[in-house]
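Worksheet: one structure, shown below.
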Amino acid sequence: MPAIITTQDPALAQKVIDMLKTCYDPEIPVDVWELGLIYEIDIDKENNLKVKMTLTSPSCPVAESLPLEVEEKIRGLEGIKSAKVELTFEPPWTKEMMSEVAQVELGFM
């Protein structure tokens, strides 16, 4: 399930994606973007950014820290006025949400 991206500035959206690729679940050596943990990226006309993400499990040990790390990193991007990360578990994450890159890296393909 690819992330839904809503923006008038595709270049800024790509900067957000590139930054998301620097955030890793410490238990899995793959970034949050390739893992399929990002469900939505929404950048409004004033460059306020909202990201809807999930975790591999509701009981994930990084449930407190990983969304905060993501929010801090994207908030620091040039061109972003504000950033907010919303954590959701609907739909639940499954390994099928991973990109082919992640599936190959983790030996699922």
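The values are calculated or read from the model by the stated rules, or taken from the named source; none is laboratory data. Since the structure is predicted, the reported quantities are computational estimates derived from the model, not experimental observations. Note: ideal-geometry Cβ built from the backbone for every residue, glycine included; neighbour counts use all protein chains shown.
Remarks
- Every residue from the range 74-106 that is out of contact with any Gly (no Cβ under 6 Å at 6 or more places or on another chain), surrounded by 13 or more Cβ atoms within 10 Å (Cβ to Cβ) and in contact (Cβ under 8 Å) with a residue 60 or more places away in the chain: LEU77, ILE80, SER99, VAL101, ALA102, GLU105, LEU106
- For GLY107, the conditions (1) over 16 Å from the mean Cα position of the chain (by Cα); (2) at pLDDT 90 or above all hold with the exception of (2).
- Of the helices (runs of 4 or more DSSP H) lying entirely inside the chain, those containing at least 2 residues that are among the β-branched types (Val, Ile, Thr) and touching a helix residue (DSSP H, G or I) at 6+ places or on another chain (Cβ under 8 Å) span 65-75.
- Test: residue in the range 46-59 that is touching a residue at least 60 places away in the same chain (Cβ under 8 Å) and not charged (D, E, K, R): no
- For the range 3-15, the count of residues that are loosely packed, with under 12 Cβ neighbours inside 10 Å, among the small types (Gly, Ala, Ser) and on the phi < 0 side of the Ramachandran plot is at least one.
- Sub-8 Å Cβ pairs linking a first residue in the range 33-45 that is within 9 Å of MET97 (Cα to Cα) to a second residue that is among the small types (Gly, Ala, Ser) and outside any loop (DSSP other than H, G, I, E, B), at least 6 apart or interchain, are GLU34/ALA102; LEU35/ALA102; GLY36/ALA102, ordered by first then second residue.
- Residue within the range 51-72 that is modelled with pLDDT of 95 or more and on the phi > 0 side of the Ramachandran plot present: no
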